[in-house]
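**Student:** I have a structure here, written as structure tokens, and I will follow up with some questions on it.
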Amino acid sequence: MPFSDFIGNRRIVDSIQRMLAEDRLPQTLLFAGPSGVGKATLVRYLAAAKHCTQAEADFCGKCGDCLRILALDLSKDEYVKEHEERVKLPAAKRGENPLILSTHSDFLIFPPDGPLRMIGIEQARQLNKAAQYAASTQGGRLFHIDHADRANDEAANSLLKTLEEPAPRLTIVLTAENAYELLPTIRSRTVPFHFSPLTTEEMAAFVEQRSDLSADERKALAGWAQGSPGRALSLDVDAYLARREHLLALLDTALGQASFAELIAHTDAIGRRQQEKISILVETLHGLLSDLLHLRLGSGRLVNVDIREELRELSERVNFEWVEKAARDLDELQRLERRNIQRQIAVEALAINWRQRLTLS
């Protein structure tokens, strides 16, 4: 399982390998980019390469160090369930036992915690303490601050102190979807790498791993995943199609193709789907809006190519300004998710606002 197995963002991977080979890896790196494009995976690969004794500037994936480090994949069911259990705990209990994950003494992950998925001050304090300990192996220590853009103000300021005077033989990697939500003083102390969604060809190669799907479903999935391997692996096709049907009804109503009475059945269904967070709805809607704009302008690749004609009809009713403002509404809705906003009400409010905006344009 060497670096060559990593799909997409090849320039970044090559740069990391070159730094390892020349022994000039920066002490603080920032991996920024969309969800699911491999940022956390590359952190694990980097940690494995620092400790693997079987390969130079690479890793074998088979020795004890590699196996322990690569096992710390937060998308695994065991870690997802651990987070779900911690959500049920009172904030004081989570503070007494800050969430830090490790399967190797020199590789620690500090992920967001609690119902608001934030990195808190107690985690940052534990990071500062852990940074003072010496490495137990020749490869040095590596700390991964996952979703560093979700650190609250106290945690961010505490983290800054560690970054200002990093301990010897300690590498800190911050991952973030939006680098500009980090403090400028934090960004200035990192070497940034900006990850992009995978190309159509890269996604087509990646989705071949989904042997549970038909050839037609894999072809469609390459678009639905929007350049994200993580999304391609985890996406439930039936759930996606059902969610998309409900959100298409929202667009039909917002663009005057259907009545609000027809929308209610769909928003009721959205309200009942407790497992789907607002972020998942927003992600799907972003894909649909992107398709409308591409069809309107006659350029760009589609996410939902399988419903091209239905979307083409809707695209004739929008302009760039309408789509731009709708996208901003989705960004605001994503921000409000941490306040536990009610999904059904949020979707109905979008339909009303977008319909009104259409009549005014």
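**Student:** Among the residues in region 183-199, are any among the basic types (Lys, Arg) and either under 14 Å from Ala32 (Cα atoms) or out of contact with any Lys or Arg (no Cβ under 7 Å at 6 or more places or on another chain) (or both)?
**Tutor:** Yes, some residue in region 183-199 is among the basic types (Lys, Arg) and either under 14 Å from Ala32 (Cα atoms) or out of contact with any Lys or Arg (no Cβ under 7 Å at 6 or more places or on another chain) (or both).
**Student:** Can you pull out every residue in region 254-289 that is within 22 Å of Ile352 (Cβ to Cβ) and either touching a strand residue (DSSP E or B) at 6+ places or on another chain (Cβ under 9 Å) or among the polar types (S, T, N, Q) (or both)?
**Tutor:** Gln257, Ser259, Thr267, Ser279, Thr284
**Student:** May I ask you to list the residues in region 175-192 that are in contact with a Pro (Cβ under 8 Å, 6 or more places away or on another chain) and farther than 9 Å from Leu30 by Cβ?
**Tutor:** Within region 175-192, just Glu177 meets the criteria.
**Student:** Further question on the same structure: Being crowded, with 16+ Cβ neighbours inside 10 Å and among the β-branched types (Val, Ile, Thr) is the requirement here; does Val191 meet it?
**Tutor:** no
The rows are residues; the columns are (1) among the hydrophobic types (A, V, I, L, M, F, W, C); (2) within 27 Å of Thr185 (Cβ to Cβ); (3) outside the structural domain of Leu30 (by TED's automatic domain parsing).
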| site | (1), (2), (3) |
| --- | --- |
| Val80 | yes, no, no |
| Glu85 | no, no, no |
| Lys88 | no, no, no |
| Thr103 | no, no, no |
| Glu122 | no, yes, no |
| Lys129 | no, yes, no |
| Gly140 | no, yes, no |
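**Student:** If you don't mind, there's one more thing I want to ask. What helices (runs of 4 or more DSSP H) completely inside region 1-84 contain at least 2 residues that are among the polar types (S, T, N, Q)?
**Tutor:** Hits in region 1-84: 10-21.
**Student:** May I ask you to list the residues in region 93-144 that are part of a strand (DSSP E or B) and surrounded by fewer than 18 Cβ atoms within 10 Å (Cβ to Cβ)?
**Tutor:** If the condition is that a residue be part of a strand (DSSP E or B) and surrounded by fewer than 18 Cβ atoms within 10 Å (Cβ to Cβ), then Leu101, Ser102, Thr103, Met118 are the ones that fit.
**Student:** Looking at region 201-217, can you tell me whether even one residue there is under 30 Å from Ala32 (Cβ atoms), in contact with a helix residue (DSSP H, G or I) (Cβ under 9 Å, 6 or more places away or on another chain), outside any helix (DSSP H, G or I) and not aromatic (Phe, Trp, Tyr)?
**Tutor:** yes
**Student:** Which residue out of Glu321, Glu332 is loosely packed, with under 14 Cβ neighbours inside 10 Å and touching a residue at least 40 places away in the same chain (Cβ under 8 Å)?
**Tutor:** When all the criteria are applied, what remains is Glu321.
**Student:** Mind checking which residues of region 196-233 are among the aromatic types (Phe, Trp, Tyr) and either at pLDDT below 90 or in the same structural domain as Ile172 (by TED's automatic domain parsing) (or both)?
**Tutor:** Residue satisfying the conditions is Phe206 alone.
**Student:** Filter region 224-277 down to residues that are assigned to a helix (DSSP H, G or I) and of a type in the set (S, T, N, Q) and give me whichever is surrounded by the fewest Cβ atoms within 10 Å (Cβ to Cβ).
**Tutor:** If we take residues in region 224-277 being assigned to a helix (DSSP H, G or I) and of a type in the set (S, T, N, Q), then Ser234 is surrounded by the fewest Cβ atoms within 10 Å (Cβ to Cβ).
**Student:** Suppose we filter region 168-185 for residues that are more than 20 Å from the chain's Cα centre (by Cα) and either surrounded by 17 or more Cβ atoms within 10 Å (Cβ to Cβ) or among the polar types (S, T, N, Q) (or both); how many remain?
**Tutor:** Looking only at that region, the number is 3.
**Student:** Whether any residue in region 199-214 is hydroxyl-bearing (Ser, Thr, Tyr) and without any contact (Cβ under 8 Å) to a residue 40 or more places away in the chain is what I want to check.
**Tutor:** yes
Residue-by-condition table, conditions (1) among the basic types (Lys, Arg); (2) more than 25 Å from Lys88 (Cβ to Cβ); (3) in contact with a strand residue (DSSP E or B) (Cβ under 7 Å, 6 or more places away or on another chain):
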site: Ile121; (1), (2), (3): no, no, no
site: Gln126; (1), (2), (3): no, no, no
site: Gln132; (1), (2), (3): no, yes, no
site: Leu142; (1), (2), (3): no, yes, yes
site: His147; (1), (2), (3): no, no, yes
site: Asn152; (1), (2), (3): no, no, yes
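The values are calculated or read from the model by the stated rules, or taken from the named source; none is laboratory data. Keep in mind the model is a prediction, meaning the values are calculated, not measured. Every residue, glycine among them, receives a Cβ derived from its backbone with ideal geometry; neighbour counts consider all protein chains shown.
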